[in-house]
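Any read-out appearing in this document is the output of simple, stated calculations on the displayed coordinates, not a laboratory observation. Keep in mind that this is a model prediction, so the values were computed, not measured.
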Amino acid sequence: MSNPANSTDARRKEDASAATNSTDERSFKQLFWRALRLRCAKCGVGAMFGGYWKVHKSCDHCGVQYEREPGFFLGSIYFNYGLTALIVAVVYPVLLFSNSVDETTLLWSCLGFTILFPMWFFRYARALWAGFDQFWDPREESASNSDTTG
């Protein structure tokens with residue numbers, strides 16, 4: 001039986017070493033895994049969130065700024081709304097036509113889901129958006145360490 005702390009440390013070291021290799025850095029699977037762990041899309045080591053709702057300004061490991069420009073995370077709404085709508089659009093008719101749940105109960109359950117699920121998924125949607133952005137528009141090494149507002 002392995003120690004969970006050691007496996008976490010090993011994964012962080014693996015992510016840090018993979019960050020130096022540009023092919024690993026842009027791997028969809030690698031970026032998706034980093035997003036699910038709420039880690040920096042660039043290095044996979046730094047935590048993206050300082051609280052449940054608060055995104056750090058930059059990665060504490062590699063220094064990359066999480067929000068590239070004002071309104072950057074607006075695109076995360078696509079992930080959040082899209083997954084919520086997909087789940088409800090599939091589950092509601094299946095349960096309705098199978099007559100396994102009362103219509104009123106099903107309606108209120110789906111309404112509750114559409115309110116609560118996006119709040120829970122908020123952090124993952126932002127992390128997925130950051131990974132999506134890193135995949136399609138990767139940040140260069142020099143861009144993460146320089147100030148572009150000057």
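The H on the amide N of Phe49, modeled in the peptide plane, is under 5 Å from the matching H of His56, each at least 5 residues off or on a different chain. The length gained on full extension between Thr114 and Asp102, counted as 0.36 nm times the residue separation minus their Cα-Cα distance, comes to 2.5 nm. For the stretch 48-120, averaging the sequence separation of C-alpha pairs within contact (under 8 Å, six or more residues apart) and dividing by the residue count gives a relative contact order of 19 percent.
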